[in-house]
Amino acid sequence: MAAANEFEDGSKMIEELTANAEQIQEQLLAHILNKNAGTEYLSRYLNGKTDKQLFKTNVPVVSYEDIKPYIDRIANGDKSNILSADSVVEFYRSSGTSGEKPKLIPVTDETRNLRMLYLALLTSVLDKHFDNIHQTGKRLDFMFAKQDIDTPSGLKARSVTTGYYKDQRFRNILSKRYTSPIEAILCLDPNQSMYCQLLAGLLQRDEVVLVASNFATAILRAVRFLEDYWKELCSDIRSGQLSDWITDSGCRNALSSIMEPNPRLADSIQNICGCKSWDGIIKKLWPKAKFIGAVTTGVMSQYVERLEFYGGGLPLVSGCYACSEAFCGVNLEPLSEPSNVAYTFVPNMAYFEFLPVNKDTLTTSEQNIEPVDLVHVKLGQCYELLVTIASGLYRYKVGDVLKVTGFHNATPRFQFVERQNVILSIDSDKTSEADLLKAVTEAKTLLDPLGIILVGHTSYADTSSIPGHYVLFWELKAKEGDNSLEVDPRIMEECCYRMEESLNYIYRSNRKQNAIAALEMRVVKQGSFDVLMDYYVSRGASMSQYKTPTCLNSKEAIEILDSRVMGKFFSPKTPM
Ligand code: AMP
């Protein structure tokens, strides 16, 4: 396996891998089976054999709960070859959707090497499309480590991003390529970390060639933070002194070493941030930035409008599709519109299989359907992703539904459709994540002409009265910086109705028969979705990997938003 530092021409490598996808997938599966056929898990199904056909017929498709007992044993210190022949060196903590129960994914040295290679490939795609951007300046990349958790075995459980930030190979390139000091990234207080990363990004303003985070949420969080702190940041820049409330010694040392009184810089930032409208603020503050890099597909698509607003015309680049279980796809056309973004799978990252999903219901309800190999997926078809990796997941359901939208060489390109199992349901209706996002997108078009942005949304099925009904939480904001926002109640009711009209036939017929009551919209105060994020981060979610849940199932999370409701609106009539 090529390590990242041996790897010179990422684009060439992607071409080779995607041209030979079938062969590479076969070799990878053979490698995994040869290595791990003797493990306790695989030998139950394969009896020590390594042939692919046996793997396909005997090894079951599983989800996390099925293999949790094996993983728990490793976490508790059982050192026998349970899932993989190689030693587990740490676990990634994954939540998939923030708010779901965290999972532990075993990591071996091979996984760490793949992680570096994957990141090198992502970098090379950006360099190819943006004139060697990583050689011309620095990334202002908002990165937040999470506290490691010690498992009884002594192995650390950490988010995949934290694992990366702690990898020496990342640290070796950090100061050349990024504005954030490692101390700020590793600081466990999210506010101190954010303040220092923003400050470092502003101090090195003229060097910043791209503004990024893994997911759109962290960039928007940074802009919100800047709204509250720009005056203080300017004052620190002017005096060359770091604010007293930054008490983390690592942060203090790192920032103090790059700070000196700079009234000119402070003035220019103050002039920009003091404008009433923050339209294009990112471009104005970092004028050499060529694009904003962050995942803007799936549940993140709700943030595209705000990022475009703050970006002032900077392209949005949604570069990768990955999960803690496996690094999967790369967007080879980084300049494509967010709604057209598709990820070409990288065939040496995992052995990928795809369980066909019914296009209309987006379920894998039909029994005995066989998963298909990467190179055998069909254009236009939706699939649930399964991964097999050397560190010990076999035919494992990641929980995502993807749609084939094309091919690069012999390798398919996928659009992200939705997270499986995020479902609102009252009666016989089943509203998936994609259904809900579509309905929200449809309804919010009513707010566009009013200059109002939907900052965040989520939902839950309220069954406390009969019949139950869908509740949507919406946070709204005026485009032009004014915090006081009054929306005509009739418009909000129309939004409720528009959503209902966009939901599927079963929902609408249940509404007609009064098996579901009118959809309710609860408009919450500004900042509510930040408080929701803080809540999930305090419960263990990683800020770098935070994804707003489309649907809430925690009572506390619902209470957080309920306590900030400013207005409640109901759909005024039964949808057609
Ligand atoms: P985690 O392992 O906690 O980081 O979560 C991984 C999950 O994030 C994936 O399984 C997807 O549901 C989601 N995700 C990752 N990348 C993307 C992407 N490019 N577009 C949409 N969702 C994504």
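Looking across the range 145-164 at every residue that is of a type outside the set (Gly, Ala, Ser) and out of contact with any strand residue (DSSP E or B) (no Cβ under 9 Å at 6 or more places or on another chain), the one that is nearest to the ligand (Cβ to nearest atom) is identified as Tyr164.
If the condition is being over 23 Å from Arg112 (Cα atoms) and either touching a Leu at 6+ places or on another chain (Cβ under 7 Å) or open to solvent by less than 10 Å² (accessible area, probe 1.4 Å) (or both), then the range 378-395 contributes Cys382, Tyr383, Glu384. Within the range 414-440, restricting attention to residues that are more than 20 Å from Glu325 (Cβ to Cβ) and either without any contact (Cβ under 8 Å) to a residue 40 or more places away in the chain or assigned to a strand (DSSP E or B) (or both), which residue is farthest from the ligand (Cβ to nearest atom)? The residue in question is Ser425. The set of residues in the range 334-358 that are within 14 Å of the ligand (Cβ to nearest atom), over 16 Å from Ile219 (Cβ atoms) and open to solvent by 20 Å² or more (accessible area, probe 1.4 Å) comprises Ser336, Ser339, Asn340. Listed by first and then second residue, the pairs linking a residue in the range 194-211 that is farther than 15 Å from Met143 by Cβ and open to solvent by 10 Å² or more (accessible area, probe 1.4 Å) to a residue that is modelled with pLDDT of 95 or more and assigned to a helix (DSSP H, G or I), with Cβ atoms under 8 Å apart and 6 or more places separating them unless they lie on different chains, are Leu203/Ile237; Leu203/Leu265; Arg205/Leu265; Arg205/Ile269; Arg205/Leu285.
Among the residues of the range 117-136, are any touching a strand residue (DSSP E or B) at 6+ places or on another chain (Cβ under 7 Å) and open to solvent by 30 Å² or more (accessible area, probe 1.4 Å)? Checking the range 117-136: at least one residue is touching a strand residue (DSSP E or B) at 6+ places or on another chain (Cβ under 7 Å) and open to solvent by 30 Å² or more (accessible area, probe 1.4 Å). The criterion of at least 2 residues that are within 30 Å of Glu16 (Cα to Cα) and of a type in the set (Val, Ile, Thr) is met, among strands (runs of 3 or more DSSP E) falling completely within the range 264-382, by 291-295. On the stretch given as the range 304-332, residues that are of a type in the set (Asp, Glu) and in contact (Cβ under 8 Å) with a residue 40 or more places away in the chain total 2.
Looking only at residues that are open to solvent by less than 30 Å² (accessible area, probe 1.4 Å) and more than 16 Å from the ligand (Cβ to nearest atom) in the range 536-559, which one is farthest from the chain's Cα centre (by Cα)? Ranking the candidates gives Ile558 first.
The values are calculated or read from the model by the stated rules, or taken from the named source; none is laboratory data. The structure presented is a predicted model; accordingly, all values stated were derived computationally and were not measured. Cβ sites come from the backbone with ideal geometry, for glycine too, and all protein chains shown count toward neighbours. Surface accessibility is based on the protein's heavy atoms, side chains included, excluding ligands, DNA and RNA. Shrake-Rupley method; radii C 1.70, N 1.55, O 1.52, S 1.80 Å.
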